[in-house]
Amino acid sequence: MTSQNIVQFDGPTILKAENVAVYYGDKQVLRDVMLSVPTHKITALIGPSGSGKSTLLRCFNRMNDLIRGARVEGQVTYHDQDLYDPEVDPVEVRRRIGMVFQKPNPFPKSIYENITWGARINGYRGTMDELVERSLRRAALWDEVKDRLHENALSLSGGQQQRLCIARAIAIEPEVILMDEPASALDPIATLKIEELMHELKENYTILIVTHNMQQAARVSDYTAMMMLTEDRNSATVIEFGKTQAIFTHPRDRRTEDYITGRIG
Amino acid sequence: MATRSAERVITGDEAVRAALRRKAGRNIPELIIRWILLACSLISILTTVGIVGVLVFESAAFFSEVPLGDFLLDTQWTPLFADKRFGIWPLVVGTLMTSTIAIAVALPLGLLSAIYLSEYASPRLRSTIKPILEVLAGIPTVVYGFFALLFVTPLLERVIPNLATFNAISPGIVMGIMILPMVASLSEDALHAVPVGLRYGAFALGGTKFEVSTRIVVPAALSGIAASFILAISRAVGETMIVAIAAGQRPVLTFDPREPIQTMTAYIVQVSLGDVPAGSLAYRTIFAVAMLLFLMTLVLNIASYFIVRRFREVYE
């Protein structure tokens, strides 16, 4: 029924969800999810609250493993490797597929240690000072914090904390960065900085972002997946996927159109 | 017409004003309640002040007869003998020895149990074990004392050569077991209070459960853990029954935990239960010892207050 609206992306894809279903205990929250994430592009997941955007995002780096009672069915592949194969180590998955959360969650340590923490546990062999500078520069935070690297990260503003979390994520050189509404707790100026940053990061990383903000999806993403509760309202799925421009100008699905134009949501 | 409506406004305002005025009938009961509550809270404060007052008064009387220098520098404690010596060190060393052994048992085991309960155990297991731990903390210490003397000491005698029947090791270990549930429970509270978002952030960087627990959660909960440690140390220093029963009554300066010793608390028990006449110098020694004990635990409690305040909300 919905499959005609899923434009199969024909370029290189890095992550793929096929017939994915997610349960929290007995409750099914996602069903029949089909999604391909194009390499070195920004893909946005949009949809109303409760349509499983964050749940789907967490399938891609096995963060759902940490939620008691969560169960993932179907296939989630990364470079054609099934991420839920019993042989796969979720710790290695998360090392390659990083994540930035809705609420900035820097560690209660210094700015410097926030960057080096991931590198240290992953056995990074280079110079830590260089790593810190490189990561902070890429996250467009270096100039603001270079003179206070050893201050507590919690002394930073919310927007700076979130960019620090992005710097921390890219310090371990992942291939993909998952972002769960990274700007929803930030003011418009900090949001703009995060969005500019995403444009630059696209060069080196594949980004999958969940957002509530339709304008943000339109501004930053190349591709958009629309998620919605199914008709029986028991679980949600991806109802439409395509180039962002196409989704926003000529949505194929009535529900996408209603949502984008603000009639529902 | 216009004047009448203006009048009505005025009367309306007056009615509101009258309604807002203080009512004498309500103020008096409120005042009485307030004084009763104040009196209740003052009772505990006054009791404490009274205890400290007695300690200071009686210690002052003691130190008017025995120079502070003798108390702090002499290495012999024989106030109950004909040749009276008042060096506090045998008792202090006895206390520190049993406390150190207790802490060496309770802190590592307590912290590791707390990490297990908070980070590894299922919520169901956690909610079963936590109340049991708190029940363990309610076992009367006299039971632990006999457990040390009649069970642990014979057991240790098989392993440790030349272990005296009364010694510092056995009550030290049992004291550690006694304070372990408190350390585990309080540290677990501190670990559990660390926001789950910090753990997610660390997992998302490729941390293993162990790395996340020990390198993110434990450091973030350090203030609460430190507070539980200090509380445990004060508990060990002030513990009386176990050491009075199982450590002996021999106030001799020794650093060998296999030998019988006497702690400060056990000495106070010995003199309190004995036939020392009130008002005598021997009687006053217990206040001097109690004063020092009070100062030691006070310093620890103040330290814990500052540690908690210094690091509190660090992750918020």
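In this structure, is B:Ser118 crowded, with 21+ Cβ neighbours inside 10 Å, out of contact with any strand residue (DSSP E or B) (no Cβ under 7 Å at 6 or more places or on another chain) and either more than 22 Å from B:Val174 (Cα to Cα) or acidic (Asp, Glu) (or both)? So B:Ser118 fits the description; yes. Assessment of region B:187-198 against the conditions (over 30 Å from A:Cys59 (Cβ atoms) and within 14 Å of chain A (Cβ to nearest Cβ)) yields at least one matching residue. Evaluate the following for A:Ala153: is it more than 14 Å from chain B (Cβ to nearest Cβ) and either modelled with pLDDT of 90 or more or under 26 Å from A:Arg96 (Cβ atoms) (or both)? No, not satisfied.
A:Thr116 fulfils the conditions (1) in contact (Cβ under 8 Å) with a residue 40 or more places away in the chain; (2) outside any helix (DSSP H, G or I); (3) not acidic (Asp, Glu) except for a single criterion, (2). Inside region A:139-181, residues that are assigned to a helix (DSSP H, G or I) and within 15 Å of the chain's Cα centre (by Cα) make up a count of 8. Please find, among B:Ala121, B:Ala61, the residue that is outside the structural domain of B:Ser170 (by TED's automatic domain parsing), over 26 Å from the mean Cα position of the chain (by Cα) and at pLDDT 90 or above. When all the criteria are applied, what remains is B:Ala61.
Just a yes or no: is a residue in region B:176-183 part of a helix (DSSP H, G or I), within 14 Å of chain A (Cβ to nearest Cβ) and crowded, with 18+ Cβ neighbours inside 10 Å? No, there is no match, as no residue in region B:176-183 is part of a helix (DSSP H, G or I), within 14 Å of chain A (Cβ to nearest Cβ) and crowded, with 18+ Cβ neighbours inside 10 Å.
Based on this model, can you work out whether A:Ile67 counts as in contact (Cβ under 8 Å) with a residue 40 or more places away in the chain and within 14 Å of chain B (Cβ to nearest Cβ)? So A:Ile67 passes the test. When B:Gly206, B:Gly172 are checked against the criterion of being of a type in the set (Gly, Ala, Ser) and over 28 Å from the mean Cα position of the chain (by Cα), a single residue qualifies: B:Gly206.
Looking only at region B:72-89, residues that are farther than 21 Å from B:Leu300 by Cα and in a helix (DSSP H, G or I) come to 1 in all. The set of residues in region B:254-278 being assigned to a loop (DSSP other than H, G, I, E, B) and more than 20 Å from B:Ala82 (Cβ to Cβ) consists of B:Thr254, B:Phe255, B:Asp256, B:Pro257, B:Arg258, B:Glu259, B:Pro260, B:Ile261, B:Thr263, B:Ala278. One residue stands out in region A:20-67 among those that are assigned to a helix (DSSP H, G or I) and among the hydrophobic types (A, V, I, L, M, F, W, C): the one that is modelled with the lowest pLDDT, namely A:Leu66.
A:Val132 meets each of the listed conditions (1) closer than 16 Å to A:Cys59 by Cβ; (2) at pLDDT 95 or above apart from (1). Based on this model, can you work out whether A:Val29 counts as closer than 30 Å to A:Leu197 by Cβ, crowded, with 17+ Cβ neighbours inside 10 Å and in contact (Cβ under 8 Å) with a residue 24 or more places away in the chain? In short, no.
Within the option set B:Gly206, B:Gly197, being within 20 Å of B:Ile115 (Cα to Cα) and not in a helix (DSSP H, G or I) holds for one residue only, B:Gly206. Here is the figure for region A:124-152: residues that are touching a residue at least 40 places away in the same chain (Cβ under 8 Å), over 16 Å from A:Ala169 (Cβ atoms) and touching a Phe, Trp or Tyr at 6+ places or on another chain (Cβ under 7 Å) total 1.
Restricting B:Ser228, B:Ser223, B:Ser187, B:Ser213 to residues that are within 19 Å of B:Met296 (Cα to Cα) and not hydrophobic (A, V, I, L, M, F, W, C) narrows the list to B:Ser228.
Among the residues making up region B:33-58, a single one is exposed (fewer than 13 other Cβ atoms within 10 Å of the Cβ), closer than 19 Å to B:Ser280 by Cα and more than 24 Å from the chain's Cα centre (by Cα): B:Phe57. Look at B:Val276 and say whether it is touching a residue at least 40 places away in the same chain (Cβ under 8 Å), crowded, with 16+ Cβ neighbours inside 10 Å and more than 25 Å from B:Asn167 (Cα to Cα). So B:Val276 passes the test. Name every residue in region A:75-104 that is touching a residue at least 40 places away in the same chain (Cβ under 8 Å), within 14 Å of chain B (Cβ to nearest Cβ) and not aromatic (Phe, Trp, Tyr), in order of residue number. Of everything in region A:75-104, those that are touching a residue at least 40 places away in the same chain (Cβ under 8 Å), within 14 Å of chain B (Cβ to nearest Cβ) and not aromatic (Phe, Trp, Tyr) turn out to be A:Arg95, A:Arg96, A:Ile97, A:Gly98, A:Met99, A:Val100, A:Gln102, A:Lys103, A:Pro104.
For region B:161-193, which positions are among the hydrophobic types (A, V, I, L, M, F, W, C) and either more than 18 Å from B:Gly110 (Cα to Cα) or not assigned by TED's automatic domain parsing to the domain that holds B:Leu96 (or both)? B:Leu163, B:Ala164, B:Phe166, B:Ala168, B:Ile169, listed by residue number.
The values are calculated or read from the model by the stated rules, or taken from the named source; none is laboratory data. Keep in mind that this is a model prediction, so the values were computed, not measured. Reconstructed Cβ throughout: ideal geometry from the backbone, glycine too, with neighbour counts over all protein chains shown.
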